[in-house]
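Let me begin by presenting the structure, written as structure tokens, before commenting on it.
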Amino acid sequence: MASNASATRYDIEKFDGQNDFGLWKMKMRALLGNLELEEALEGETKMLATYSVEKKKEIGKKAFNTLILSLGDTVLREVSKMKTTVELWLKLESLHDQIIV
């Protein structure tokens, strides 16, 4: 049976506020990278200049949706007002990133 690369599935545990945010963040960056969406974490202005406005919006929306679907309900409530991928990512970091000295 031939495998279909576009059908590859990645199972990443949802971040629920109890699991390790640093590891979840690393896995999410890898997932977004594999989906060619990682640029959305930096915002549309940092994306390749060769991308059309529509392409940038599409990347942002897909990345945003991927992040939303990777959050548990409790954490999702904490970030429910965020409208862009960058806002969502920064809010998650501000709430859950632990500073290690």
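Looking only at region 33-60, how many residues end up being basic (Lys, Arg) and touching a residue at least 12 places away in the same chain (Cβ under 8 Å)? Residues that pass the stated criteria total 2. Based on this model, can you work out whether ALA30 counts as touching a residue at least 12 places away in the same chain (Cβ under 8 Å), assigned to a helix (DSSP H, G or I) and of a type in the set (A, V, I, L, M, F, W, C)? So ALA30 does not fit the description; no.
When LYS46, LYS81, LYS56 are checked against the criterion of being out of contact with any Leu (no Cβ under 8 Å at 6 or more places or on another chain), basic (Lys, Arg) and surrounded by 15 or more Cβ atoms within 10 Å (Cβ to Cβ), LYS56 stands alone in meeting it. The set of residues from region 10-27 being basic (Lys, Arg) and part of a loop (DSSP other than H, G, I, E, B) comprises just one member, LYS14. Looking at region 19-42 only, could you name the residues that are of a type in the set (D, E, K, R), under 19 Å from GLU93 (Cβ atoms) and under 14 Å from the mean Cα position of the chain (by Cα)? Those that are of a type in the set (D, E, K, R), under 19 Å from GLU93 (Cβ atoms) and under 14 Å from the mean Cα position of the chain (by Cα): LYS25, LYS27, ARG29, GLU38, GLU39, GLU42.
If you filter region 85-101 down to residues that are among the β-branched types (Val, Ile, Thr) and modelled with pLDDT under 95, you find that the one that is surrounded by the fewest Cβ atoms within 10 Å (Cβ to Cβ) is VAL101.
Here's the yes/no breakdown for (1) under 13 Å from LEU92 (Cβ atoms); (2) under 13 Å from the mean Cα position of the chain (by Cα); (3) at pLDDT 95 or above:
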{"site": "GLY17", "(1), (2), (3)": "yes, no, no"}
{"site": "GLU44", "(1), (2), (3)": "no, no, no"}
{"site": "THR50", "(1), (2), (3)": "no, no, no"}
{"site": "LYS62", "(1), (2), (3)": "no, yes, yes"}
{"site": "VAL75", "(1), (2), (3)": "yes, no, yes"}
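Only one entry in VAL53, VAL75, VAL86 is touching a strand residue (DSSP E or B) at 6+ places or on another chain (Cβ under 8 Å) and of a type in the set (A, V, I, L, M, F, W, C), namely VAL75.
The values are calculated or read from the model by the stated rules, or taken from the named source; none is laboratory data. Keep in mind the model is a prediction, meaning the values are calculated, not measured. For neighbour counting, all protein chains shown are included, and Cβ atoms are generated from backbone atoms with ideal geometry for every residue, glycine included.
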